[in-house]
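The values are calculated or read from the model by the stated rules, or taken from the named source; none is laboratory data. None of these values were measured; they are calculated from a predicted model. Positions of Cβ are generated from backbone atoms using ideal geometry, with glycine treated the same way; all protein chains shown enter the neighbour counts.
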Amino acid sequence: MPEPSIKTTVVGSYPLPAWLAAYPSVPNLRDAILVVLKTQELAGLDVISDGELTRFDVNHPETNGMIEYFVQPMSGISSQMGRKDVDDFRAQQGMGFRTQPAAVVEGPIGEGELDLPSSWQMVKELTASPLKFTVTAPYMLAKTLLDRQYGDLPSLTMAIAEVLRRQVEAIDAPVLQVDEANLTGNPEDATWVHEPINHVLDGARGERALHLCFGNYGGQSIQSGFWANLLGFLNNLHVDHLVLEFARRGYDELEVFTDLREGIALGIGVVDIKDNEVESPDVIAGRIQHAVDLLGEERVKWVHPDCGFWMLPRSVADRKMQTLVVGRDLFLGQAAG
């Protein structure tokens with residue numbers, strides 16, 4: 001069966017099953033991942049994910065899978081912090097949504113006990129469907145840390161990028177996606193952030209993707225900004241496709257991407273993950289049609305939710321995935337006709 005001209009996928013996360021939260025164990029975690037994979041397969045998604053459940057720590061369920069999961073196992077980083085550490089972190093710019101750092105950088109950063117390849121190996125054996133593997137961007141991770149070693153944010157970010165690069169080089173995922181949700185509100189850093197992100201992406205063995213959004217904490221956006229402010233950054237990326245938030249924000253900024261360099265495909269967010277209302281297939285198809293009319297079939301190659309599903313009820317997330325596929329198929333049928 002030929003691949004569709006526009007593929008469907010998720011961004012990454014899936015709501016944590018209540019029974020896993022109540023009874024965390026390694027067997028239950030494996031079962032939960034199987035459930036998440038099968039749910040996406042039944043929805044008909046072209047590329048699926050582990051729901052980021054391989055980041056779930058059965059011994060410490062409270063661990064933040066987006067941040068702490070990555071940084072706390074690294075060497076040179078300590079999760080022990082005092083009041084002065086917290087006060088110093090709160091004085092940093094652009095991190096008002098966090099009350100304390102994820103950890104403190106006390107020495108040169110190394111891989112330590114971080115083992116992303118083992119997580120990948122675990123999930124790839126549970127499905128025959130094409131998978132994406134997601135990692136948090138080095139810039140976003142660096143912004144959550146209190147640095148007492150490197151002295152400047154670019155150096156800290158590149159040190160983290162080097163660790164992630166070594167990890168992803170051992171992961172043979174069909175799609176390797178880097179997730180960045182802080183730069184959108186800090187475009188002044190866009191002049192250099194492409195370098196550490198490219199360092200990670202260059203280690204990918206499959207298709208390279210970057211997800212950008214405006215945050216999803218408690219179902220709320222935490223960054224404000226405009227895509228136009230990041231166009232130069234996007235054009236400097238070593239990326240095959242972008243995974244961008246649009247459904248929540250609207251599509252007025254789509255025209256910005258007419259100036260995106262050739263060779264970068266666009267993934268368009270057509271499902272709002274900050275709203276429990278499930279979009280109809282007609283709405284999904286209409287959003288795709290609008291993007292294709294403006295940017296062309298050669299540019300729009302992926303459709304997906306705006307961000308991860310982790311804040312939604314499972315029943316809502318499942319229905320949104322189903323209508324995403326039906327809406328895409330409706331568009332392709334209309335386009336073919």
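Worth pointing out:
- Per-region count, the stretch 152-199, residues touching a residue at least 60 places away in the same chain (Cβ under 8 Å), surrounded by 24 or more Cβ atoms within 10 Å (Cβ to Cβ) and farther than 16 Å from I67 by Cβ: 2
- Among the residues of the stretch 58-96, those identified as under 23 Å from R166 (Cβ atoms) and either among the hydrophobic types (A, V, I, L, M, F, W, C) or touching a helix residue (DSSP H, G or I) at 6+ places or on another chain (Cβ under 7 Å) (or both) are T63, G65, M66, I67, Y69, F70, V71, M74, I77.
- Within the stretch 13-46, if we keep just the residues that are free of Cβ contacts under 8 Å to residues at least 40 places away in the same chain and β-branched (V, I, T), the residue that is nearest to N59 (Cα to Cα) turns out to be V26.
- Conditions (1) outside any helix (DSSP H, G or I); (2) in contact with a strand residue (DSSP E or B) (Cβ under 8 Å, 6 or more places away or on another chain); (3) modelled with pLDDT of 95 or more: number failed by R248: (3)
- Residue pairs meeting the criteria (Cβ under 9 Å; at least 6 apart or on separate chains; first at negative phi, in the stretch 203-225; second exposed (fewer than 14 other Cβ atoms within 10 Å of the Cβ) and at pLDDT 95 or above): R208/D202
- Within the stretch 12-35, restricting attention to residues that are out of contact with any Pro (no Cβ under 8 Å at 6 or more places or on another chain) and aliphatic (A, V, I, L, M), the residue that is surrounded by the most Cβ atoms within 10 Å (Cβ to Cβ) is I33.
- Qualifying residue in the stretch 313-335 (condition: surrounded by fewer than 16 Cβ atoms within 10 Å (Cβ to Cβ), over 24 Å from M66 (Cβ atoms) and among the aromatic types (F, W, Y)): no
- V278 vs. criteria in contact (Cβ under 8 Å) with a residue 24 or more places away in the chain and not in a loop (DSSP other than H, G, I, E, B): no
- Test for E3: is it in a helix (DSSP H, G or I), of a type in the set (D, E) and more than 28 Å from N182 (Cα to Cα): no
- Q149 being part of a loop (DSSP other than H, G, I, E, B) and modelled with pLDDT of 95 or more: yes
- Residue check, F89 under 19 Å from A142 (Cα atoms), under 20 Å from the mean Cα position of the chain (by Cα) and among the aromatic types (F, W, Y): no
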